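Read through the structure below, which is laid out as structure tokens, and then see the notes.
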Amino acid sequence: MVHARFLYVVRVSPQRPDGGEKPVGWRLVGANNRELGRGAEAFGSLAECQAAVGELREKVAGARVLMSMSDAASNWTWRVEIEGRVFAVAGRPYLRQRECQFNLNQFLAAVPVAQLAEGMPNLPRQRGALQRGPARPRSTRAESDDDGHAGRPVGVRAGAGA
């Protein structure tokens with residue numbers, strides 16, 4: 001059975017100008033891969049990020065939890081503070097207070113039992129960037145099979161104007 005798990009992610013995709021490591025953050029995702037919450041800050045290394053997750057897991061029972069309206073659109077959000085430091089925040093704003101409270105409860109219940117990722121994925125996901133291989137040439141009529149369809153599915157039209 002798959003449980004909630006902590007994932008470590010690169011927070012900013014471009015390489016830092018000084019040539020240092022990319023900032024690392026964490027997210028807690030549920031069994032359905034939906035984000036339950038995320039770290040409030042980025043860390044300079046994976047080891048620092050893992051240490052922060054460990055501290056959160058140890059001290060979450062004594063954490064201070066705050067819910068508030070986040071903006072003029074009346075969206076609700078939450079944050080978790082430990083010893084005056086913000087450790088975790090909601091992954092998104094919520095339209096209803098009860099939805100925000102439910103998500104917060106799911107997060108708090110998952111933190112102590114969530115699986116820990118061993119490291120980061122090799123390549124960060126970049127939205128909109130498709131990995132395409134070399135273009136395949138289309139078959140010509142001379143290369144097609146006897147019925148002239150070259151192994152492609154044949155669409156059937158029905159109705160008026162077919």
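Tell me, which residue of the range 62-78 that is under 22 Å from the mean Cα position of the chain (by Cα) and closer than 18 Å to Arg27 by Cβ is surrounded by the fewest Cβ atoms within 10 Å (Cβ to Cβ)?
Thr77
Lys22 fails exactly one of the following numbered conditions: (1) open to solvent by 40 Å² or more (accessible area, probe 1.4 Å); (2) at pLDDT 95 or above. What is the number of that condition?
(2)
Inspect all residues belonging to the range 39-55 and state whether any of them is assigned to a loop (DSSP other than H, G, I, E, B), among the hydrophobic types (A, V, I, L, M, F, W, C) and in contact (Cβ under 8 Å) with a residue 24 or more places away in the chain.
yes
Quick test for you: out of Glu118, Glu41, Glu81, Glu48, pick the one residue that is open to solvent by 20 Å² or more (accessible area, probe 1.4 Å), at pLDDT 95 or above and out of contact with any Cys (no Cβ under 6 Å at 6 or more places or on another chain).
Within the list Glu118, Glu41, Glu81, Glu48, the selection yields Glu81.
When you look at Glu81, is it of a type in the set (Asp, Glu) and farther than 18 Å from Met120 by Cβ, yes or no?
yes
The values are calculated or read from the model by the stated rules, or taken from the named source; none is laboratory data. Since we're looking at a predicted model, the values are computed, not measured. Cβ atoms come from the backbone with ideal geometry, glycine included; neighbour counts cover every protein chain shown. The area values use the complete protein model at the heavy-atom level, side chains included, leaving out ligands, DNA and RNA. Shrake-Rupley method; radii C 1.70, N 1.55, O 1.52, S 1.80 Å.
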